[in-house]
1. Counting just the Cα atoms, what span does the chain cover along each of its three principal axes? Round to the nearest Å and put the largest first.
2. Compare the Cα positions of G65, I174, L90 along the charge dipole of the chain (+1 at Cβ of Lys, Arg; -1 at Cβ of Asp, Glu; about the Cα centre) and return the one farthest towards the positive end.
3. Within 10 Å, at most 16 other Cβ atoms, and a DSSP state outside H, G, I, E, B define an exposed site. Report the longest part of the chain free of exposed GluC sites (Glu not before Pro).
4. Find how many whole Å separate the alpha carbon centroid of the range 75-116 from the alpha carbon centroid of the range 190-245.
5. Work out, step by step, the length gained on full extension between V30 and R249: first 0.36 nm times the residue separation, then minus their alpha carbon distance; give nm to one decimal.
6. What ³J(HN,Hα) values, in whole Hz, does the Karplus curve 6.51 cos²θ - 1.76 cosθ + 1.60 give for the range 181-189 when θ = phi - 60°, with x put for Gly and Pro?
7. Jot down the per residue volume, in cubic angstrom and as a whole number, of the convex hull over the alpha-carbon atoms of the range 68-188.
8. Give me, ordered by chain and number, the residues 5 or more places off A128 or on other chains with an amide H under 5 Å from its own placed amide H.
Amino acid sequence: VKFIVIVGTAGSGKSTLTGELADHMESFGVSVARLNFDPAAETLPYEPEVDVRDYVSVTEFMDKGLGPNGALIAAVDSIINNVFDLREKLTSINPDYVIVDTPGQMELFAYRHGGPLVLDALTHGYEAMTVFLIDSVFFEKPSSIIASLALASSVALRLRKPQVNIVSKSDLLIADIIEEIIPRLSDPLFLAQMVEEDRDSPGDLKVLMRLIAEALSTAGFIGEVIPVSVNDPRSLDALYAKIQQVLSRGEDYN
Ligand SMILES: Nc1nc2c(ncn2[C@@H]2O[C@H](COP(=O)(O)OP(=O)(O)OP(=O)(O)O)[C@@H](O)[C@H]2O)c(=O)[nH]1
Ligand SMILES: [Mg+2]
């Protein structure tokens with residue numbers, strides 16, 4: 001069993017990708033279990049083999065006085081009590097891969113303790129990686145591109161797993177962004193130029209943006225960013241190839 005943990009901001013396409021990537025991988029003859037890790041999901045675009053909603057309920061925490069966001073955080077924290085059962089279920093299915101569809105509340109995985117703790121307990125002893133979705137809507141402005149890369153690095157810092165960063169819903173982007181910007185996101189000179197040409201940000205923020213970009217690229221954090229659309233099977237091929245490459249490289253991180 002190898003774990004692919006899908007993480008991204010609200011509405012970035014995690015659940016849709018979980019379903020489509022699983023189907024795509026199965027078409028190559030590998031077995032995949034879809035794990036819904038979002039206790040607040042109302043409907044899902046796929047049929048999960050394993051579902052945290054069978055164990056924890058967000059409304060239970062709302063009944064205790066928490067608001068919807070706080071209740072979701074508490075619900076995810078409480079999954080720790082069910083990790084043994086979840087692992088039992090998954091090992092009885094014994095798939096080649098488990099794809100984990102997480103909630104869009106990024107603080108769970110970018111800042112808080114509970115998200116990494118529960119995921120570590122879930123994947124302990126198995127190979128695991130993160131696929132981080134950068135929503136294509138963030139490609140509107142240099143400042144949101146840099147902020148998204150910074151968020152991607154927060155997730156990597158907290159989850160401590162090998163991570164592939166992708167741009168989701170790439171069919172919504174114009175060709176220029178796909179061809180000229182996304183392939184060059186790991187190039188510090190390109191990022192510096194993009195920041196320099198940004199007309200929306202004042203000078204002091206440009207300095208900050210340039211330094212963040214330089215730090216992420218010189219640290220080698222950004223790597224190859226893959227544009228992915230669930231409507232384009234070739235992009236799912238490219239993502240699956242990258243996943244296999246990262247997971248076969250193995251043990252460097254854990
Ligand atoms: N055009 C296009 N739309 C997509 C793609 N992937 C997902 N979507 C749409 O984006 C919307 C959000 O998708 P979800 O999969 O629910 O996103 P999510 O990240 O799971 O959302 P939360 O769980 O609420 O955080 C849906 O309307 C999807 O149909 C894609 O590759 N291209
Ligand atoms: Mg979802």
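Every number here is computed from the coordinates shown, using simple stated rules; none is lab data. Everything numeric here is computed off the predicted structure, so don't read it as measured data. Here the Cβ positions follow ideal geometry from the backbone for every residue, glycine too, while neighbour counts run over all protein chains shown.
1. Extents along the principal axes, in whole Å: 52, 47, 33.
2. Selected residue: G65.
3. Longest stretch, sites excluded: 43-196.
4. Measuring centre to centre over Cα atoms gives 27 Å.
5. The span from V30 to R249 would gain 77.0 nm if fully extended.
6. Each residue of the range 181-189 in turn: 9, 4, x, 10, 5, 8, 9, x, 5 Hz.
7. Looking at the range 68-188, the number lands at 140 Å³ per residue.
8. Answer set, sorted by chain and number: F3.
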